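To start, the structure under review is shown below, and the notes come after it.
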Amino acid sequence: MSSCHGDGVSKKCLNFVTTRGYYQFVSFPTREDNILDLIFANDEQIINSVLPRPPLGHSDHCIIDFNVVVKCVKSSETLDNTTEINRKLYNWYSGDFESMIWHLDCVDWNSFICYHPQAACAWSKFVDVLWTLIDAFVPTRSCKVRQRKCYPKDIRKLICKKRQLWKKT
């Protein structure tokens, strides 16, 4: 993304994206001859297979088909066609952060980096350490959550508005 339209909003967006090291993955026109639909990420390896697809419904924008590369976490829950799943909720207000800090202070970070010299591996192991401490020192409770279409109220309103606008065309 090396250039932008002359208006202030475009320049602010370009400045924000470039100064914070984001990558833009869409390199094909998404509406007529313009690239209007964008995908940003701060990791070049997290998005791949970005392809244009035909528009959906009455839209004049093409669909952007892409893959997000994520690490799968093992879970004892299997997601099938059930309507509810159990979810672990953390009670952050009751967490024992002093104990977490004490344990983090006890880690030999120089050895940690020495044994995990690659950034991705070091980050993964660091996150594992944090989650181990969180599971040990932050109380949790189980909560049954609806599996399908559990959107916040503001998102549901926007979806409804979108459907109404699409019906008008």
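The values are calculated or read from the model by the stated rules, or taken from the named source; none is laboratory data. All values derive from a computational prediction rather than experimental measurement.
Just the residues that are modelled with pLDDT under 90, in a loop (DSSP other than H, G, I, E, B) and either assigned by TED's automatic domain parsing to the domain that holds residue 127 or of a type in the set (S, T, N, Q) (or both), please, taken from the range 28-68.
42, 45, 59
Okay, residues lined up against (1) modelled with pLDDT of 85 or more; (2) under 30 Å from residue 58 (Cα atoms); (3) in the same structural domain as residue 45 (by TED's automatic domain parsing); (4) assigned to a loop (DSSP other than H, G, I, E, B):
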site: 99; (1), (2), (3), (4): yes, no, no, no
site: 121; (1), (2), (3), (4): no, no, no, no
site: 124; (1), (2), (3), (4): yes, no, no, no
site: 130; (1), (2), (3), (4): yes, no, no, no
site: 134; (1), (2), (3), (4): yes, no, no, no
site: 162; (1), (2), (3), (4): yes, yes, no, no
